[in-house]
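Report on the following structure.
The values are calculated or read from the model by the stated rules, or taken from the named source; none is laboratory data. Here the structure is a predicted model, which means the values were calculated and not measured. Quick reminder, even Gly has a Cβ in these numbers, built from the backbone with ideal geometry, and neighbours come from all protein chains shown.
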Amino acid sequence: MSAETAPILACRGLRRDFRGFAAVEDFDLAVREGSIHALIGPNGAGKTTVFNLLTRFLPVSAGRILLRGEDITALPAERVVRRGLVRSFQISAVFAHLSALDNVRVALLARTGLVWQFWRARSTLDAFTDEAHHHLASVGLADLAHTPAVALPYGRKRALELATTLARDPAVLLLDEPTQGMGIEDVARITELIRIAARGRTVLMVEHNLKVVATLADTITVLARGRRLAEGSYAAVSQDPLVREAYLGHGGDAHA
């Protein structure tokens, strides 16, 4: 594979065993730079385990993980983040009693590797104020900069989480169930924010809402029982009989 066509993120023969059970087995993935790539599958298919392996929250039992062609399989999670692979979690992960602005400023400080300076002087955070406002505006939170995260509605809190993730300046952004638990209006808002966030970067997302997947994803990988079942466009995988059987159940409607 040439340098021009090499994926920005890939895994080869990925495997993770839990007490003899293979939660992920012989899994290959190639994420094209600049794309939005969705990883879907039924509950228990191994999607979150794959995310934990890619971001080094879990050690692999076998296989390799490559970021821009570099083998990161044995790197600790923080070093992977510093190389541009950043994850937004399934459960909102912000500091509840800090303002939206301070949440983003802390994330910007973390990007520098000087988080310890947060405890030394307020001026350390003040240096990031303008950039933090920019990130808040990009997710529609400009008017809520001084609102404590705990007071934000659920959808806005997830938008804040996206802002803090973008503050780490990811080359590859991993989103774990970004619309989980949201109403229709919030789903539409977050879908558009993901589209905006994807400009100039690569997105790999686990998402249960197939309408969101159909709207956003360039490529979809279907995972079932820890293995790759199918891959392609939404139109292609939604018509695959194996996908209908494994993901939607006995020939169900793939457009549900």
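Counting only strands (runs of 3 or more DSSP E) that fall entirely inside the stretch 148-235 and contain at least 2 residues that are surrounded by fewer than 19 Cβ atoms within 10 Å (Cβ to Cβ), of a type outside the set (A, V, I, L, M, F, W, C) and in the same structural domain as Ile65 (by TED's automatic domain parsing), the qualifying elements are 227-232. The test for being loosely packed, with under 15 Cβ neighbours inside 10 Å, at pLDDT below 95 and outside any helix (DSSP H, G or I) does not hold for Gly140.
In this structure, is Gly46 among the small types (Gly, Ala, Ser), on the phi > 0 side of the Ramachandran plot and touching a strand residue (DSSP E or B) at 6+ places or on another chain (Cβ under 8 Å)? So Gly46 fits the description; yes. Restricting attention to the stretch 60-105, the residues that are outside any helix (DSSP H, G or I), among the charged types (D, E, K, R) and over 18 Å from Pro178 (Cα atoms) add up to 5.
Among the residues making up the stretch 25-48, those that are farther than 23 Å from Gly84 by Cβ and either outside the structural domain of Ser238 (by TED's automatic domain parsing) or outside any loop (DSSP other than H, G, I, E, B) (or both) are Glu25, Asp26, Ile40. The number of residues in the stretch 220-239 that are of a type in the set (S, T, N, Q) and within 15 Å of the chain's Cα centre (by Cα) comes to 1. All told, Arg56 meets the bar of being at pLDDT below 95, buried (at least 20 other Cβ atoms within 10 Å of the Cβ) and either touching a Pro at 6+ places or on another chain (Cβ under 9 Å) or among the acidic types (Asp, Glu) (or both). Residues in the stretch 109-137 that are buried (at least 17 other Cβ atoms within 10 Å of the Cβ), of a type in the set (A, V, I, L, M, F, W, C) and at pLDDT 90 or above: Phe128, Ala132, Leu136.
Within the stretch 26-49, the set of residues being modelled with pLDDT under 95 and aliphatic (A, V, I, L, M) comprises Ile40, Ala45.
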